[in-house]
Amino acid sequence: MTPHTVPLVCKELGCGDGGTRETSIFYGRVNGTAWLDHVRCGESNSSFWQCPSDPWELQAYDDVRDEANITCN
């Protein structure tokens, strides 16, 4: 995750102009499905939806390393 991803996520959610990515996993192991993976926002992206990512597809989600926990300001 690039440094530009967190502010864009918070902006899109209406949760402020910035935040931090939590590096410690407090939430435990998660199982389920995911649609979006490897999002990489850059300085030229003004919206989270403009950020490049892997193709949208249903995929198994069973590895906590794939999870991003963001706290917005």
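The values are calculated or read from the model by the stated rules, or taken from the named source; none is laboratory data. In this text the structure is predicted, and so the values were computed from the model without any measurement. Ideal geometry is used to build each Cβ from the backbone, glycine not excepted, and the neighbour counts take in all protein chains shown. The accessibility values were calculated without ligands, DNA or RNA, using every heavy atom of the protein model including side chains. Shrake-Rupley method; radii C 1.70, N 1.55, O 1.52, S 1.80 Å.
Restricted to segment 20-43, and to residues there that are open to solvent by 30 Å² or more (accessible area, probe 1.4 Å) and not in a loop (DSSP other than H, G, I, E, B), the residue that is modelled with the highest pLDDT is Thr20. Among residues of segment 44-64 that are at pLDDT 80 or above and assigned to a loop (DSSP other than H, G, I, E, B), those with a Cβ under 6 angstrom from a residue that is surrounded by 11 or more Cβ atoms within 10 Å (Cβ to Cβ) and of a type in the set (D, E, K, R), sequence gap 6+ or separate chain, pair up as Pro52/Arg40; Asp54/Asp37.
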